[in-house]
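Worksheet: the structure to be examined is printed underneath.
The values are calculated or read from the model by the stated rules, or taken from the named source; none is laboratory data. Here the structure is a predicted model, which is why all the values come from computation and not from measurement. Note that we place each Cβ from the backbone using ideal geometry, even for glycine, and neighbour counts take in every protein chain shown.
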């Protein structure tokens, strides 16, 4: 699936009309908890900060927060976007209350207290989670996965 659409690998712009209930190994499939609109592809819904305009070029899936450092985020889904531009590294991080099978239209952008503008100021590559449930953001100052600009940031 791509969001709540049934992804068709042979014709990506033409999703299947119905989705299977199980995968090729017989494991039950479940609907995603959120679906968003990207700037580039136009899938899904909008959000507080974007009003349907799209949240970024590529969505980076994350984790449901289960840590102890941020009790107000308990149960919230943390996710982000790679960047809103190919030229300028400006990945975004968001939190949302998961709602099974609904198009997400209610999410909040995370501001970073340790940067002058509150922005991540890097390309967001992905997320990690430790055994205590704390979430980490993986970033790079370059678009490609090489070099020595990669960083791991703990959200706290």
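Residue-level analysis places residue 152 among those that are over 29 Å from residue 30 (Cα atoms) and not in a loop (DSSP other than H, G, I, E, B).
Looking across 26, 75, 56, one residue alone is modelled with pLDDT of 85 or more and touching a strand residue (DSSP E or B) at 6+ places or on another chain (Cβ under 8 Å). It is 75. When residues in the stretch 129-138 are screened for being touching a residue at least 40 places away in the same chain (Cβ under 8 Å) and within 16 Å of the chain's Cα centre (by Cα), 3 of them pass.
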